[in-house]
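Novice: The structure is given below, and queries will be raised subsequently.
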Amino acid sequence: MEEKQYLVDALTVQESWRIFRIMAEFVDAIETLSGINHAISIFGSARVKPGDPYYEKTVVLARRLAQEGFSVITGGGPGIMEAANKGAAEGGGKSVGMNIRLPFEQKPNPYANVHIDYKYFFIRKVMFVKYAMAYVILPGGFGTLDELFEALTLIQTKRIKSFPVILMGSEYWKGLIDWMKETMMRELMIGKDDLDFFQVIDDPEEVVRHIKKFIIV
């Protein structure tokens, strides 16, 4: 019985110290990002390779954003994240890579000129929202969808001020948007106005123009 109580006490202490590790990670992230202005968060698959049309389009987009005075924030890994950091760096802008430690896929790309390393997913997600003035979402998997719906939920519930959410890759997103209209809206799970929280834009120059309508650099 005493041994069992000792184990319970040890676990309790361990959980308590985890709070301080979480606080330290928040502080480090805020100190690093406090100097980042007019930031655009770009999301997409880690599995896309250089030469892929989405990869190359992302490089162009991020380069143009940097040239217009915007900073670019990504998850810091390969694929679309690498493309965005590459374009931002080539455009002479702040290229932020917020890397998450994962057992596969996520290795920091070499193009970020501002680096943060995270252990906790939820802290990283808070930082994406806190410092972004717009989200650009390219084709991706569960993580990309997670970031998309996190932003849409916070905007819908008015937990954050509405900002531009742009989906690039109309062919990729068509099925999801059709499902939102034909199932979610029909079943009254969302309202018609909720679909106005995001825009579908394929051309990088048009994305930049749309963002500049809302954000003055």
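None of the figures in this text is laboratory data; all of them are computed from the coordinates on show. Every value quoted in this text rests on a predicted model; they were computed, and no experiment measured them. All Cβ positions, even for glycine, are placed from backbone atoms using ideal geometry, and neighbour counts span all protein chains on display.
Novice: Helix 204-214 versus the longest principal axis of the chain: what is the Cα-based angle in degrees, 0 to 90, to the nearest 10?
Specialist: 70 degrees
Novice: I would also like to ask the following. Rank ILE30, ILE190, ILE42 by mean-square fluctuation in a GNM of the chain with C-alpha springs under 10 angstrom and give only the top-ranked residue.
Specialist: ILE190
Novice: Here's something else I'd like to know. To test your reading of the geometry: what angle, between 0 and 90 degrees and rounded to tens, separates the Cα axis of helix 53-67 from the longest principal axis of the chain?
Specialist: Computed tilt is about 90 degrees.
Novice: Tell me, what is the percent relative contact order of the range 2-214, built from C-alpha pairs under 8 Å that lie six or more residues apart?
Specialist: The value is 19 percent.
Novice: Hey, how much of the P(r) for the chain falls beyond 21 Å, as a percent of Cα pairs?
Specialist: That fraction is 56 percent.
Novice: How far is helix 2-33 tilted, in degrees, relative to the longest principal axis of the Cα atoms in the chain, given as a value from 0 to 90 rounded to the nearest 10?
Specialist: Taking the Cα atoms of the chain, the angle to 2-33 is about 30 degrees.
Novice: Anyone know which of PHE122, PHE197, PHE43 comes out most mobile in the 10 Å Cα GNM of the chain?
Specialist: With Cα springs under 10 Å in the chain, the top fluctuation among PHE122, PHE197, PHE43 is at PHE122.
Novice: Let me ask another. Calculate, in nm to one decimal, what ASP196 and ARG159 gain on full extension: separation in residues at 0.36 nm each, minus their alpha carbon distance.
Specialist: Result: 11.6 nm gained on full extension.
Novice: Once you place label points 7 Å from the Cα toward the Cβ at ARG209 and PHE121, how far apart are they in nm?
Specialist: Here the modelled spin labels are 3.8 nm apart.
Novice: For a quick check, take a GNM of the chain with Cα springs below 10 Å and name the residue from ASP194, ASP202, ASP117 with the largest mean-square fluctuation.
Specialist: ASP194
Novice: Further question: Taking a cut-off of 21 Å between Cα atoms, list the lysines near LYS86, but don't count ones fewer than 8 places away on the same chain.
Specialist: LYS49, LYS57, LYS94, LYS107
Novice: Net charge near ALA39: determine it from the other residues with C-beta under 12 Å of the C-beta of ALA39, scoring Lys and Arg +1 and Asp and Glu -1. Walk me through the numbers before you get to the answer.
Specialist: Numbers: positive: LYS94, LYS130; negative: none.
With Lys, Arg at +1 and Asp, Glu at -1, the net is +2.
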